[in-house]
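Structure first, commentary second.
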Amino acid sequence: MASYVRLRQICLVAPQLEPVISDIAEIMGLAVCYRDGNVAKYGLENALLPVDTILLEVVAPFKGGTTAGRFIEKTGGRGGYMAIFCCNDPDERGRNANAMGVRTANVIDHAPYHGVQLHPRDCRAAFIEFNHTQGSDDIRGAYPPAGPDWQKFIRKDVTQALTAVEMQSPDPAGLAEHWGKLLGIASNDAELKLPNASLRFVKGASEIMSALEFRVADVAHVLHAARAKGHAVAGNEFLLGGVTFRVS
């Protein structure tokens, strides 16, 4: 089987799940496909919304001492938490990362799902996870973290696609090269092109996942919905869940 890597999921973190998850759903015209009770053992609650075949997740701590809670304290709640990629061999990608000095933070083995999470400090900007679901190389196939029938919750009348993830860094070219080596993709002008989305690296004061870019049916409609929910809109973007939502 040919090697591949695709963006599978973006995870944001919020102090509380509401109103962040309902605001995203209403503004962007998306539907919650799953709430995973298994994350409670980590002191978290979550909800996932499919944006076509990429999952957008929000997690929130409900008790102290969680990794997500420490992330909020450290960043002041600014920046996305995790970029999750599906691939054919997560373990091989983990070994490649280890050879680069990037530590493995966690291995998740819940057959048919297998995931390797890398240490966020070594990844820089955000957690990276590589995962694979056995027998599911189809992008619309089974994906246990999103629930048994996530595909039925895809809504495309408002938001059609998540097209790009933006990372900020004082050294965007260096961060792009670092992530490119982890993903096995050559960096081209501080951009990594995946089959289903792009990762773009821009100049910023600190290293964070700073923005998500979406293709929508009607930009004015989405911006009006964001204003109606009390979010400050500047140009074609607004801040929600710690990241800038940019629509075109």
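The values are calculated or read from the model by the stated rules, or taken from the named source; none is laboratory data. None of these values were measured; they are calculated from a predicted model. Positions of Cβ are backbone-derived with ideal geometry, glycine not excepted, and every protein chain shown enters the neighbour counts. Surface areas here come from the heavy atoms of the whole protein model, side chains and all, with no ligands, DNA or RNA. Shrake-Rupley method; radii C 1.70, N 1.55, O 1.52, S 1.80 Å.
The single condition among (1) in contact with a Lys or Arg (Cβ under 7 Å, 6 or more places away or on another chain); (2) open to solvent by less than 60 Å² (accessible area, probe 1.4 Å); (3) within 20 Å of Asn88 (Cβ to Cβ) that His119 does not satisfy is (3).
Restricted to region 158-235, the set of strands (runs of 3 or more DSSP E) holding at least 2 residues that are over 20 Å from Val13 (Cα atoms), open to solvent by 60 Å² or more (accessible area, probe 1.4 Å) and out of contact with any Pro (no Cβ under 9 Å at 6 or more places or on another chain) is empty. When the residues of region 236-248 are filtered to those that are touching a helix residue (DSSP H, G or I) at 6+ places or on another chain (Cβ under 9 Å) and open to solvent by 20 Å² or more (accessible area, probe 1.4 Å), the one that is farthest from Val20 (Cα to Cα) is Ser248.
Residues in region 185-204 that are modelled with pLDDT of 95 or more and out of contact with any strand residue (DSSP E or B) (no Cβ under 6 Å at 6 or more places or on another chain) were compared, and the one that is nearest to Asn236 (Cα to Cα) is Lys203. Just to be sure, is His114 loosely packed, with under 14 Cβ neighbours inside 10 Å, closer than 24 Å to Gly135 by Cα and in contact (Cβ under 8 Å) with a residue 24 or more places away in the chain? Against the criterion (loosely packed, with under 14 Cβ neighbours inside 10 Å, closer than 24 Å to Gly135 by Cα and in contact (Cβ under 8 Å) with a residue 24 or more places away in the chain), His114 does not qualify. Within region 94-109, the set of residues being in contact (Cβ under 8 Å) with a residue 40 or more places away in the chain, open to solvent by less than 30 Å² (accessible area, probe 1.4 Å) and either assigned to a helix (DSSP H, G or I) or out of contact with any helix residue (DSSP H, G or I) (no Cβ under 9 Å at 6 or more places or on another chain) (or both) comprises just one member, Ala97.
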